[in-house]
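As structure tokens, the structure follows; a few thoughts come after it.
The values are calculated or read from the model by the stated rules, or taken from the named source; none is laboratory data. Keep in mind that this is a model prediction, so the values were computed, not measured. Don't worry about glycine lacking a Cβ; one is built from the backbone with ideal geometry, like all the others, and counts go over all protein chains shown. Ligands, DNA and RNA are excluded from the accessible area calculation, which covers all protein heavy atoms including side chains. Shrake-Rupley method; radii C 1.70, N 1.55, O 1.52, S 1.80 Å.
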Amino acid sequence: MERQRVGYFGGTFDPPHLGHTILAQEVCYQLDLDCLYWLITPDPPHKQGTSITPVQDRLRMVERIVNRVPYFMISRLDLDRPAPHYAVESVEIARELNPDSELIYLMGEDSLLDLPDWHQPVQFLAAVDLLAVAPRPGVEAKLEEIEPRLPGISQKTVLLQDVMVEISSSVIRNRIRSGAPYRHFLDDQVADYLFEHKLYLD
């Protein structure tokens, strides 16, 4: 029996934008995933001291995207456990929940470049079957340079094709605060939610 291919897409999603949606759709298509879990990080360890929108608002926005795509799902791995939320712990729990599935973790090329400095990166790499990496403008992560610090990473990494979308949540937040147009970067239902709840105006 063929193993299911289960993907995890981690992030703060503050807010989730069309770049996230395009990337999520493409990883499912290019790697033939059976489902993709959006893994919302409530309190990212690497963003301590920065202002982050309450997790319930971010969850509601992601739900508006996920609810319309049958193979998208919300993961509560980090929502239902106390901080800190390190990726290594998230994927180890995901592995326990999906023992017979192939586990694919989606990340940007900038994150791949930083991966050796993550919390317990060797254990993180061991817990996943594949890293699906989205290229980033101006970023070139050379696997041969990462390999000495994370042996085996070259065999576990797949670079996604045709998904270099240059949209960032921080740019969207700044555009909202400055009064610049922003809706074209967002799913209509996400744009409606943040407008109704007056998010990112402060």
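Filter the stretch 60-105 down to residues that are closer than 22 Å to Arg5 by Cβ, outside any helix (DSSP H, G or I) and among the acidic types (Asp, Glu) and give me whichever is nearest to the chain's Cα centre (by Cα).
Asp78
I'm told Val91 meets every condition in (1) more than 17 Å from Ser154 (Cα to Cα); (2) touching a Lys or Arg at 6+ places or on another chain (Cβ under 9 Å) except one. Can you identify the failing condition by its number?
For Val91, the failing item is (2).
Counting only residues that are over 23 Å from Ala83 (Cβ atoms) and among the hydrophobic types (A, V, I, L, M, F, W, C), how many does the stretch 104-124 have?
3
Scan the stretch 118-176 for residues that are in a loop (DSSP other than H, G, I, E, B), of a type in the set (A, V, I, L, M, F, W, C) and without any contact (Cβ under 8 Å) to a residue 40 or more places away in the chain and jot them down.
Trp118, Val128, Val139, Ala141, Leu150, Met164
I need the full set of residues from the stretch 13-22 which are open to solvent by less than 20 Å² (accessible area, probe 1.4 Å) and modelled with pLDDT of 95 or more, in order please.
Of everything in the stretch 13-22, those that are open to solvent by less than 20 Å² (accessible area, probe 1.4 Å) and modelled with pLDDT of 95 or more turn out to be Phe13, Asp14, Pro15, Pro16, His17.
Can you tell me which residue within the stretch 148-182, out of those that are more than 12 Å from Tyr200 (Cα to Cα) and among the polar types (S, T, N, Q), is nearest to the chain's Cα centre (by Cα)?
Step by step, filter the stretch 148-182, then rank; the result is Ser168.
Scan (1) under 22 Å from Glu166 (Cα atoms); (2) in a loop (DSSP other than H, G, I, E, B); (3) touching a residue at least 60 places away in the same chain (Cβ under 8 Å) for the single condition Ala24 breaks and write down its number.
(2)
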